[in-house]
Amino acid sequence: LLIDDHIIQIQEKADLHSVLSSTCKTIDFSGIKSPIIGTNDRYLLFHQNLYLCLIDYNFKIIKKLPWHFERIQDICWSSTLDRFILTTETCGICFVHENTISLDNANCLNNEKFHSCTCSNTSLYLTVDDYASAIIEYRLLPSIEIIKQWKSPDTCTNDEYIDCIRYNNDRLGLVIQKFSENILKFELRSVKTLDRLWSVQVNIDLKPYQCGYCLFNDHDWLFINMSSSCILHITKDGKIKEKYDYNPKPYNATLFGDNKLAILTESGVNFHKL
């Protein structure tokens, strides 16, 4: 059996600089009201002016939903519920249905004020918007019910704040801030026990709600620092691999489909090929 070496292609994952050095599409618009972006396998969801907007794979805004509430804290997608889940400043938890884009208020979940959210196939994880942030796990089916709650010091110390939580492959990625000392930590935890698998610490002057966190190639992570307009690449074993100064100012980022990275900026959305 003869194999032509010229037709053998091994696809290597591009590094952060290679990915971000060029854009495959830019959608320019103003009026970004919440520095957060969500995605499923079909659409992007973001908050522009007085609307929630859905963008499809053809980079078209296909639907707009009037949004009369305040800033959105975080967005995640639940494939189990087939809807986006939003944490908000004033109306608790809201569900956005993709087909009708109708809103359901879900304040009955808890009286807590939530900040960040993420989903597995079976559970919803919410962080409480306060120092010594708690993490609450809810079962998704057959009805949404609380099944577990972790508190300080298991989540973080009394003077720390969980700014972001992300689920991936039975792990929880956390961004934890200690504002009094300008310290920020990236941690990977077990989803079942919340045991710390690794932690990396950086000294950074960061205000509350000024960062984003998302998955990258091969279970790596991207940290978006809005204050300094930079993006950090963190490896799956907890090493800071690369820093990239991004222009225009980045607000947040998310993987979009199998081969694109979408970055929400102060002037729109940039799409990069992976």
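Values in this text are rule-based calculations from the coordinates and carry no lab data. Given the structure is predicted, the values throughout are model-derived calculations rather than measurements. No Cβ is skipped: glycine too gets one built from the backbone with ideal geometry, and neighbour counts run over all protein chains shown.
Dipole of segment 31-213 computed with +1 at Lys/Arg Cβ and -1 at Asp/Glu Cβ about the Cα centre; of 119, 141, 44, farthest Cα towards the positive end is 44.
Which FRET efficiency value, to the nearest 0.05, do you get for residue 266 and residue 25 by plugging their Cβ-Cβ distance into 1/(1 + (r/R0)^6) with R0 = 30 Å? Mind dumping the intermediate values first?
On the way: r = 17 Å, r/R0 = 0.58.
Efficiency, rounded to the nearest 0.05: 0.95.
The alpha-carbon atoms of segment 31-213, seen along their principal axes, cover 42, 39, 30 angstrom, with the largest extent given first.
Identify which of 157, 118, 88 has the largest mean-square fluctuation in a Gaussian network model of the chain, with springs joining Cα atoms closer than 10 Å. Top of the fluctuation ranking is 157.
In terms of packing, defined here as the mean over residues of other Cβ atoms within 10 angstrom, the peptides 245-255, 62-72 line up highest first as 245-255, 62-72.
Taking 175, 96, 202 as the candidate residues, the one with maximal mean-square fluctuation in a Gaussian network model of the chain, Cα springs under 10 Å, is 202.
Could you pull out every one of the lysines with an alpha carbon less than 29 Å from that of residue 239, ignoring same-chain neighbours closer than 8 positions? Partners within reach: 13, 151, 178, 185, 192, 207, 249, 260, 273. As an exercise, use a Förster radius of 41 Å and the Cβ-Cβ distance of residue 58 and residue 180 to find the FRET efficiency, rounded to the nearest 0.05. Once the sixth-power term is evaluated, E becomes 0.30.
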